[in-house]
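One structure, pasted below without further comment.
No lab work stands behind these numbers, since they all come straight from the coordinates. Bear in mind the structure is a predicted one, so any value in this text is a computation, not a measurement. Virtual Cβ from ideal backbone geometry, glycine too; neighbours counted across all protein chains shown.
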Amino acid sequence: MDLFIIQGGTRLGGVARVHGSKNAALPIMAASILTDAPLTLTNIPDLADIRSMLALLDRLGVSMSANLASSRLTLQADDPSSFIAPYDLVRKMRASICVLGPLLAKRKKAIVSLPGGCAIGHRPIDLHLKGLAALGVDLRIERGYVIAQAEHLTGTTIDLAGPNGTTVTGTCNLLCAATLAKGTTVLTSAAREPEVIDLGELLIKMGAKIEGLGTSTLTIHGVTELGAATHEVIPDRIEAATLLIAGAITGGEVTLETVRADHLTSVVDALTRMGCTVQKTHRSMTIRTFEKLSPIDLATGPYPAFPTDVQAQLMALATLAPGKSRIVETVFPDRFMHVSELVRLGAQIEQHGNTAIINGCRPMNGAPLMASDLRASAALILAALASQGETVLRRIYHLDRGYQRLDETLNQLGAKITRVADVPENLPEESIPGSDLLAGPHWLTKPAGVSESAEGRTSL
Ligand code: UD1
C-alpha cells in the first residue's frame with residue numbers, strides 16, 4: 001500500500017495544469033452504452049476510478065481503445081448481450097451506478113449491484129429508482145442487486161428533490177434513460193452541476209433532444225437512436241479548488257491553467273472572503289494570499305452553492321484563520337471523517353451534527369495520519385503542507401481514485417511529498433523508509449515529570 005511522507009512548511013509557487021473532470025468523465029463513459037456507434041472522448045483523467053469504469057464497461061460488452069497517457073478514449077458498445085454489473089466491480093466505485101440508466105434505455109434490462117454505503121455516509125439511490133419506475137421500469141431489489149427491466153420507457157414528469165437536495169448521478173441516470181424513451185420527460189429539481197451539463201452536451205452531440213441544461217428543469221424529447229460523437233471532458237473543478245487552496249494554505253502564489261473559472265464561483269467567493277486574492281483570465285486563475293486569513297461561515301449545497309467535495313479542503317484552510325469558522329455540511333451530513341485527523345495535527349475543531357466549528361490559528365505539527373476517503377485525503381495533504389515537520393499519510397489509494405498524481409502536481413509547485421510504494425498497512429512509522437517520524441517516546445517532547453523507563457516506555 002502506498003503512503004506519502006510530507007514535509008510541511010514550504011510556500012507553493014508556479015503553474016499547474018488541471019486535468020479532466022472525474023465526475024464528468026464517469027457518466028459520460030457510461031453513456032457509451034446508449035449507442036453501438038463509437039464515442040471518442042478526450043481530456044479523460046488517468047485515475048483509478050476511470051480504470052474501474054473501463055473494467056465495468058468491458059464486462060458490459062463495450063470495446064475500447066484507451067490511451068490514458070494522452071487522456072484519450074474510444075468506446076464502442078458492440079456487444080449488447082450483457083446487462084449485469086457485478087458487486088465485485090461496483091463496490092470499487094459508487095459511480096458504477098451510472099450504467100443503470102443507459103442499460104435500461106438501450107438494452108431494456110439491467111442487473112446492477114447496489115453500491116452500498118461509504119465513508120462519507122449513507123448514500124441511497126432511491127431517487128434514481130423512483131425516476132426509473134416512473135419511466136415504466138419494473139424494479140426489484142434482491143440479494144444486493146437492482147433487478148430491472150422494461151419493455152419500453154415512456155416519458156413523464158419526475159421530481160428529483162430529496163431530503164438533502166437533488167442527486168447528481170441520479171440526474172445523469174435519468175437524463176440518459178429519457179433520451180431513448182417514448183415521448184417527453186421533464187426532470188424537475190434536477191442537478192445543475194457542470195458535470196451534468198457536460199453529459200447533456202455529449203448526449204446532444206449523439207443526437208439527443210435536451211432543453212434546460214444548467215437549470216433545475218430538464219426537458220428531454222425521446223429519440224429512437226443515438227449515434228457517434230467526439231467530446232472533450234470539462235476540467236476538474238474539484239482538483240482546481242484543491243490546488244487553489246494549496247496555494248492559499250501555504251501562503252504561496254499558484255496559477256492554474258486549463259481551468260473553468262465559471263465553474264468555481266462559490267469557491268472563489270469563499271476564498272476571497274477569507275482574504276485570498278484570485279485573478280481570473282481566459283482559462284487560467286491565480287491565487288495569492290497577502291493578508292492574514294479571515295474566518296468563514298458557509299454551508300455546502302448543490303451547485304451553484306459551495307461543493308461538498310471541497311468542504312474538507314476548505315476546513316483545512318480555516319484551521320489557519322484566526323477566530324471561529326463555521327462550516328455546515330448539508331449534502332452529506334456525516335462527511336466529517338477528516339475532522340479527527342485534522343485534530344491530530346493540532347487543529348481545534350468541534351463537530352455538532354452537520355456543523356463544524358473551527359477555532360483557527362493553532363499551530364499544526366506533522367503527525368501520522370490515515371486517509372478515510374477521496375476528498376478527506378486531499379484535505380489532510382493540504383493541512384500537512386501547512387504543518388511544521390513531517391506527516392506520514394497512509395491509505396492514499398483513496399486519493400489516487402480521484403486525483404491524477406496530486407503528489408507530482410504539488411511537488412512541481414515546490415511541495416515536498418515523497419510517495420513510498422507498497423508499505424505494509426501496519427508497519428510502524430519508524431520503519432518507513434525516509435520517515436523521521438518515530439513512534440513513541442523518541443519524538444515526544446517530554447513534559448516535566450515524564451521519565452522513560454528502562455524498557456523505553458514512558459511513565460508519568
Ligand atoms: C456526486 C459526486 C460526488 C459529490 C456528490 C454531491 C459523482 C461521481 N460523484 O455523487 O463527488 O460529492 O455528487 O455533489 O459525480 N440522495 C438521496 N437519494 C438518492 C440519491 C442521493 O437521498 O437517490 C442524497 C445523498 O445521500 C446525498 C445527496 O442526495 O445526501 C446528494 O447525493 P448525490 O448528488 O446523489 O451524490 P452522488 O451523485 O452519489
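Taking neighbour counts of Cβ atoms within 10 Å as a proxy for exposure, in what order, fewest first, do 87, 303, 403 appear?
Working: 87 16, 303 21, 403 27.
Going from sparsest to densest Cβ surroundings: 87, 303, 403.
Here is a follow-up. Relative contact order of the stretch 22-232, please, whole-number percent, based on alpha carbon pairs below 8 angstrom and at least 6 residues apart.
On the way: 482 pairs, mean separation 42.9, N = 211.
Result for the stretch 22-232 is 20 percent.
Which whole-Hz couplings ³J(HN,Hα) result when phi for each residue of the stretch 198-205 is put into the Karplus expression 6.51 cos²θ - 1.76 cosθ + 1.60, θ = phi - 60°, listed in order with x for Gly and Pro?
4, 4, x, 5, 4, 4, 4, 4
Turning to a different aspect of this structure: Sequence gap of 8 or more, or different chains, plus Cα separation below 26 Å: how many lysine pairs satisfy both in the stretch 22-232?
Number of lysine pairs found: 25.
Counting only C-alpha contacts under 8 Å and six or more residues apart, can you give the relative contact order of the stretch 119-206 as a whole percent?
27 percent.
Same structure, new question: Determine the dipole magnitude for the stretch 22-232: charges of +1 sit on the beta-carbon of Lys and Arg, -1 on that of Asp and Glu, nothing else is charged, the reference point is the Cα centre, and the result goes in debye to the nearest 20. Please list the in-between numbers first.
Values: 19 positive and 19 negative charges, 78 e Å.
With only Lys, Arg, Asp and Glu charged at Cβ, the dipole is about 380 debye.
Work out the length of the dipole vector of the stretch 327-441 about its Cα centre, built from +1 on the beta-carbon of each Lys and Arg and -1 on the beta-carbon of each Asp and Glu, and round it to the nearest 20 debye.
Values: 10 positive and 14 negative charges, 50 e Å.
Value, rounded to 20: 240 debye.
Where in the chain is the longest stretch that carries no GluC sites (Glu not before Pro) classed as loop by DSSP and with at most 11 other Cβ atoms within 10 Å?
On the way: sites that count: 151, 291, 425, 455.
After excluding every exposed loop site, the longest remaining stretch is 1-150.
For residue 184 and residue 82, what does the FRET efficiency come to when R0 = 22 Å and r is the distance between their Cβ atoms, rounded to the nearest 0.05?
Efficiency computed from Cβ-Cβ geometry: 0.15.
Of all DSSP beta bridges in the stretch 22-232, what percent run antiparallel (nearest 5)?
Numbers: 28 of 38 bridges.
Close to 75 percent.
Starting from 0 in steps of 10 Å, tell me what percent of the Cα-Cα pairs of the stretch 1-136 lands in each bin.
Calculated P(r), rounded to whole percents: 11, 37, 31, 14, 6, 1.
Using unit Cβ charges (K, R positive; D, E negative) and no other charged atoms, how large, in debye to the nearest 20, is the dipole of the chain about its Cα centre? Don't jump to the answer; show the numbers that get you there.
Details: 42 positive and 45 negative charges, 96 e Å.
Value, rounded to 20: 460 debye.
Between residue 151 and residue 37, what is the spin-label point distance in nm, taking each point 7 Å from the Cα along the Cα→C-beta axis?
2.9 nm
Dividing the alpha-carbon radius of gyration of the chain by 2.2 N^0.38 Å (N being the number of residues), what value is obtained?
Values: Rg = 23.2 Å, N = 460, 2.2 N^0.38 = 22.6 Å.
In units of the 2.2 N^0.38 Å rule of thumb, it is 1.03.
Something else now. Could you pull out every residue, at least 5 positions away or on a different chain, whose amide H is within less than 5 Å of the one on residue 323? Hs are placed 1.01 Å off N in the peptide plane, and Pro or chain starts have none.
When sequence neighbours closer than 5 places are left aside, the close amide H contacts are 360.
I would also like to ask the following. In terms of the Cα gyration tensor, with a ≥ b ≥ c the square roots of its eigenvalues, is the stretch 22-232 rounded because a/c is under 1.5, prolate because a/b exceeds b/c, or oblate? Mind dumping the intermediate values first?
Numbers: a/c = 1.28, a/b = 1.12, b/c = 1.14.
Rounded shape, in that the Cα axes give a/c under 1.5.
Relative contact order of the chain: what whole-number percent is it, with Cα pairs under 8 angstrom and at least 6 residues apart?
Details: 1108 pairs, mean separation 88.9, N = 460.
This gives 19 percent for the chain.
Under a 5 Å amide H to amide H cut-off, with H placed in plane at 1.01 Å, what residues pair with residue 284 once short-range neighbours are removed?
Amide H neighbours of residue 284: 259.
Taking the number of other C-beta atoms within 10 Å as the exposure measure, put 205, 92 in order starting with the fewest. Please list the in-between numbers first.
Values: 205 15, 92 18.
Ranking 205, 92 by Cβ neighbours within 10 Å, fewest first, gives 205, 92.
Pull out the extension gain between residue 159 and residue 405, defined as 0.36 nm times the separation in residues minus the alpha carbon to alpha carbon distance; nm, one decimal.
Working: separation 246, 0.36 × 246 = 88.56 nm, distance 3.85 nm.
Once the chain is fully extended between residue 159 and residue 405, it gains 84.7 nm.
At 0.36 nm per residue, and after removing the present C-alpha to C-alpha distance, how many nm does the segment from residue 292 to residue 141 gain when stretched out fully? Please list the in-between numbers first.
Values: separation 151, 0.36 × 151 = 54.36 nm, distance 5.36 nm.
Contour length minus the Cα-Cα distance gives 49.0 nm.
Subtracting the Cα-Cα distance from 0.36 nm times the residue separation, let me have the gained length for residue 225 to residue 355 in nm, one decimal.
Working: separation 130, 0.36 × 130 = 46.80 nm, distance 4.71 nm.
That pair, residue 225 and residue 355, stretches by 42.1 nm at full extension.
Can you list residues whose amide H is under 5 Å from residue 114's amide H, if they're 5+ apart or on another chain and H is modeled 1.01 Å from N?
When sequence neighbours closer than 5 places are left aside, the close amide H contacts are 145, 146.
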